[in-house]
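The values are calculated or read from the model by the stated rules, or taken from the named source; none is laboratory data. Being a predicted model, the structure only gives us computed values, none of them experimental. Every residue, glycine among them, receives a Cβ derived from its backbone with ideal geometry; neighbour counts consider all protein chains shown.
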Amino acid sequence: MILFLSSRIIFLLHVLTAVGTLAILALSLANILWLRSSGHKPASTDLGKVSVLIPARNEEANIRRCLDSLIEQSYPNYEIIVLDDLSEDRTWKIISEYALRYPGQVRAVRGAPLPLGWCGKTHAMQLLSQNATGDYLLFTDADTVHHRDSIAWAVTNINEHAADFLSGYVFQDLQSFGEALIVPTTYIMSTIVMPFWLIPRSNSSMLTMAVGQLVMFRRETFEAIGGYSSVAEQISEDVFVAREVKKAGYRTIFLDIREYVSCRMYEGYRNSFEGIGKNIYDFFKNQPAFFAAVTSILVAFIVLPFALVLIELYTGNPLLRFSAFSVLTFLMAWSLTLYDRGQKWWVPLLYPLTFVHLLYMAWKSFGRAAMEVGIVWKGRVFK
């Protein structure tokens with residue numbers, strides 16, 4: 001009797017996993033359709049001044065490419081302000097040269113010592129906003145490269161969607177195996193978590209998404225929520241500030257920016273591991289229930305079925321067909337997601353290693369948060 005019940009439970013778990021991976025596939029397809037159909041082509045109409053705001057800390061290797069791509073934009077009315085966040089390299093020298101070469105178009109601003117209760121990036125972005133004169137505030141990272149229509153695209157879409165806050169997926173430029181192994185975990189939101197098409201239709205602050213490589217606010221919206229002061233201590237300031245926008249009753253939108261902005265987020269395996277890890281740390285600190293839910297989903301629907309396929313192939317277990325179905329269904333969802341994001345054909349095949357890494361990073365980050373050890377990023381300690 002006990003053996004019968006045990007086998008029955010195992011069978012039901014296999015079926016549940018298969019149904020769960022089908023749901024993952026359905027969510028992935030729905031998000032792909034949304035990303036492909038929701039964006040509007042950029043128009044060059046002047047709909048107000050845009051302040052392009054770039055926080056830069058130790059970005060001497062990237063800032064030239066970023067500024068060069070922003071100087072010759074099709075949008076007719078914008079300014080570029082770059083803040084050197086107490087860099088220890090040649091960042092200030094480089095942005096000062098651009099400010100001299102393009103007076104009236106590029107401004108270089110010195111950062112200030114970090115006040116208590118602020119993270120470096122949120123403080124830098126708040127300082128940038130205080131120097132901005134635009135009707136729209138477009139924050140972008142120093143390691144991004146922009147198509148000449150990127151500003152026009154952002155202004156067009158924030159207005160066409162009647163949104164107050166806009167963000168989206170830029171193209172992730174993966175130049176090494178280590179980056180291809182880890183950076184695609186940023187797409188987990190569109191695969192198993194967030195229905196993007198519901199973001200502008202829902203008032204829930206939890207139904208929102210942002211990627212800090214490009215976010216745009218209407219100025220009045222930014223000021224109404226107090227800017228980044230509302231999320232001063234957050235490392236993942238992009239998602240948390242989007243939630244504050246929603247809480248205040250404003251409308252947010254998440255779109256596909258792949259054609260207009262690219263970014264090499266992290267260079268190599270170690271930087272990718274540490275960079276993604278810091279964001280995981282921020283999400284899971286002081287949230288054990290959320291941590292347990294996310295890691296359980298990762299194990300049940302992604303990692304465990306792959307392990308079961310290997311075991312059941314060896315043992316000849318007849319439940320292999322259910323495990324294989326789950327693996328192939330998730331692989332299809334993951335492959336379609338990464339294909340839609342413009343990644344190479346072989347990157348989805350790394351998924352067992354990718355998600356084992358993600359689980360390891362999650363456990364490591366949760367442990368550091370529980371022990372209040374904190375993390376180090378760009379020479380600063382965050383707790």
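Restricting attention to the stretch 326-353, which residues are more than 16 Å from Ser190 (Cα to Cα) and buried (at least 19 other Cβ atoms within 10 Å of the Cβ)?
Residues of the stretch 326-353 that are more than 16 Å from Ser190 (Cα to Cα), as a first pass: 326-328, 344-347, 349-350, 352-353.
Residues satisfying the conditions are Ser326, Val327, Val347.
Quick one: in the stretch 191-250, which of the residues that are among the aromatic types (Phe, Trp, Tyr) and part of a helix (DSSP H, G or I) is modelled with the lowest pLDDT? Don't jump to the end; show me each part of the working.
Filtering the stretch 191-250 for residues among the aromatic types (Phe, Trp, Tyr) gives 196-197, 217, 222, 228, 240, 250.
Adding the requirement that they be part of a helix (DSSP H, G or I) leaves 196-197, 222, 228, 240.
Working: Phe196: 96, Trp197: 96, Phe222: 98, Tyr228: 97, Phe240: 93.
Top of the filtered list is Phe240.
Could you tell me which of the residues Phe283, Phe254, Phe291 is outside any loop (DSSP other than H, G, I, E, B), in the same structural domain as Asp143 (by TED's automatic domain parsing) and touching a residue at least 12 places away in the same chain (Cβ under 8 Å)? Reasoning before the result, please.
Values: Phe283 fails: in the same structural domain as Asp143 (by TED's automatic domain parsing); Phe291 fails: in the same structural domain as Asp143 (by TED's automatic domain parsing).
One residue alone meets the criteria, Phe254.
Go over the candidates Ala43, Ala56, Ala61 one by one and state the one that is free of Cβ contacts under 8 Å to residues at least 24 places away in the same chain and either in the same structural domain as Gly111 (by TED's automatic domain parsing) or under 25 Å from Pro113 (Cβ atoms) (or both).
After applying the criteria, what remains is Ala61.
If the Cβ limit is 6 Å and pairs must be 6+ apart or interchain, which residue in the stretch 1-14 that is closer than 14 Å to Leu308 by Cβ pairs with which residue that is modelled with pLDDT of 80 or more and aliphatic (A, V, I, L, M)?
What qualifies is His14/Leu319.
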